[in-house]
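Got a structure for you, questions after.
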Amino acid sequence: MKQYLFEQDYEKQYYDTVLPYLNARKTDALFDSFDGRPIHYNLFRSDNAHATVTIFHGFTENIVKYHPFIYVLLNEGFNVAMCDQRGHGESFRYVEKTTLTHIEYFDEYVQDMEVFVREIVKKQLPGPYYLFCHSMGGAIGALFLERNQGVFEKAILSSPMIEPHHGGIPLFLVKGICGFFMLTGRKDQKVFLFKEFEGDEDFETSCATSRARFDYYLNQKRVTESLMNSNPSYQWTYESMCVRKRILKKGAPESITTPLLLINAELDTMVMKEAQEAFIARVPGGKFLEVKNAKHEIFRSTDDVAYPYMEKVVAFYNE
């Protein structure tokens, strides 16, 4: 692997090396999505590109969080295309409160990505075209692949949200609680179980195992309002609880023609492994890989886990 950010002096490496490198190779713009809403995106052009990777990020994430990941891909010869999902980063939001993540319908994410890939990625960057998705982005990616054959040559779903973890609470009860708040005019309010972002987060209960990677992003989140997403609305939660049924409907996983690698994190408490296994078992030629000693955000693991993980990502695309 040509360039990799190790944990030692991580934040210094980011500001001294990574950020200037990315900015020199970045196109920053907006596109109008299927409903006319503005979606923010970046295109990064590698100095020696042989393919293009499109990234679908997870819940409460954004382009900035993936800068170190993008840096590695660029140095491995991949152009990178990525946008802030609606309700995230600098893209359109239904609510003014930047800590709150709200969506009307989950399919809006999929339609946004269809426009992005068709009108931006395919028209501005050369192929072959690969897909990388994390968490919520994995659910978007699964639905995208099920209804768009032949768009990507290869795809990786990392810790995909085929079904979110619901803490042992029966799914019907979670949906029922959300449905009550939605019916009483509170669909775009914060779920009462979640705390507001007040400038701090607990590393021990986070989705990361690397303190250096955790601290670097938290420091950015503290000072950048557009990065402060931290909790879901009742509508978002309800929509996320309905996504498994859509992804696993009869004939849907079987329709995927793209070579697909699903990567599971051994210590993941955010999404359901059983749902991931049920999905990938039905994808023709689908592969399943479990990363030991990793939490939900595998790319924010300690070096001994994150480095081999990135090598596997790059190797899959280069096969």
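On a 30 Å Cα-Cα criterion, which of the cross-link pairs K187/K292; K65/K250; K221/K287; K221/K292; K175/K273; K2/K249 come out too long?
Working: K187/K292 38 Å; K65/K250 35 Å; K221/K287 35 Å; K221/K292 28 Å; K175/K273 20 Å; K2/K249 41 Å.
In this structure, K187/K292; K65/K250; K221/K287; K2/K249 exceed 30 Å between Cα atoms.
Of the DSSP beta bridges with both residues in the stretch 19-145, give the percent that are antiparallel, rounding to the nearest 5.
50 percent
Hey, another quick one. Would you be so kind as to identify which of P68, L143, A29 lies farthest towards the positive end of the dipole of the chain, taking Lys and Arg as +1 and Asp and Glu as -1 on Cβ and the Cα centre as origin?
So the residue furthest toward the plus end is L143.
List the relative contact order of the stretch 10-318 as a percent without decimals, with contacts defined as Cα pairs under 8 Å and 6+ residues apart.
The normalised contact order for the stretch 10-318 reaches 19 percent.
Kirkwood hydrodynamic radius of the chain from all distinct Cα pairs, in Å?
On the way: mean 1/r = 0.0507 Å⁻¹.
The Cα-based Kirkwood calculation yields 19.7 Å.
Then there is this: Take each complete run of DSSP H in the chain, measure how far its Cα atoms stretch along the helix's own axis, and keep only those covering 15 Å or more with mean Kyte-Doolittle hydropathy at least -1.0; list them.
136-147, 171-183, 234-247, 303-318
Taking the simple approach of a point 7 Å from Cα along Cα-to-Cβ for both E266 and F288, what is their distance in nm?
Output for this residue pair reads 1.7 nm.
With a 10 Å cut-off between alpha carbons and a GNM built on the chain, which of L157, L73, L173 moves the most?
Sorting by GNM fluctuation, first place goes to L173.
Can you work out the PRE-style zone for L173? Point 7 Å along Cα to Cβ, and I want the residues of the stretch 190-224 with backbone N under 19 Å.
191-194, by backbone N distance to the label point.
Rank A281, V174, Q189 by how far each Cα sits towards the positive end of the charge dipole of the chain (+1 on Lys, Arg Cβ; -1 on Asp, Glu Cβ) and give me just the farthest.
The residue sitting most towards the positive pole is A281.
Along the Cα→Cβ direction, 7 angstrom out, place labels at H50 and F6. What is the inter-label distance in nm?
In this crude label model, H50 to F6 measures out at 2.6 nm.
Out of all DSSP beta bridges with both ends in the chain, state the antiparallel percent to the nearest 5.
The antiparallel fraction comes to roughly 35 percent.
When ranked by the protection proxy of mean other Cβ atoms within 10 Å per residue, highest first, what sequence do the peptides 91-98, 12-19 form?
So the order, starting with the most tightly packed, is 91-98, 12-19.
Extending each Cα 7 Å along its Cβ direction at F34 and K312, get the distance between those two points in nm, one decimal.
In this crude spin-label approximation the distance works out to 3.3 nm.
Neighbouring Cβ atoms within 10 Å as the yardstick, rank K2, K250, K273 fewest first.
Fewest-to-most Cβ neighbours within 10 Å comes out as K250, K2, K273.
Mind ordering 286-299, 185-198, 136-149 by average Cβ neighbours within 10 Å, highest first?
Going by the mean number of other Cβ atoms within 10 Å, highest first, we get 136-149, 286-299, 185-198.
Counting only C-alpha contacts under 8 Å and six or more residues apart, can you give the relative contact order of the stretch 39-156 as a whole percent?
Details: 191 pairs, mean separation 40.1, N = 118.
Answer for the stretch 39-156 is 34 percent.
No value in this document is a laboratory result; all are computed from the given coordinates. Source: prediction; values computed, not measured. Cβ atoms come from the backbone with ideal geometry, glycine included; neighbour counts cover every protein chain shown.
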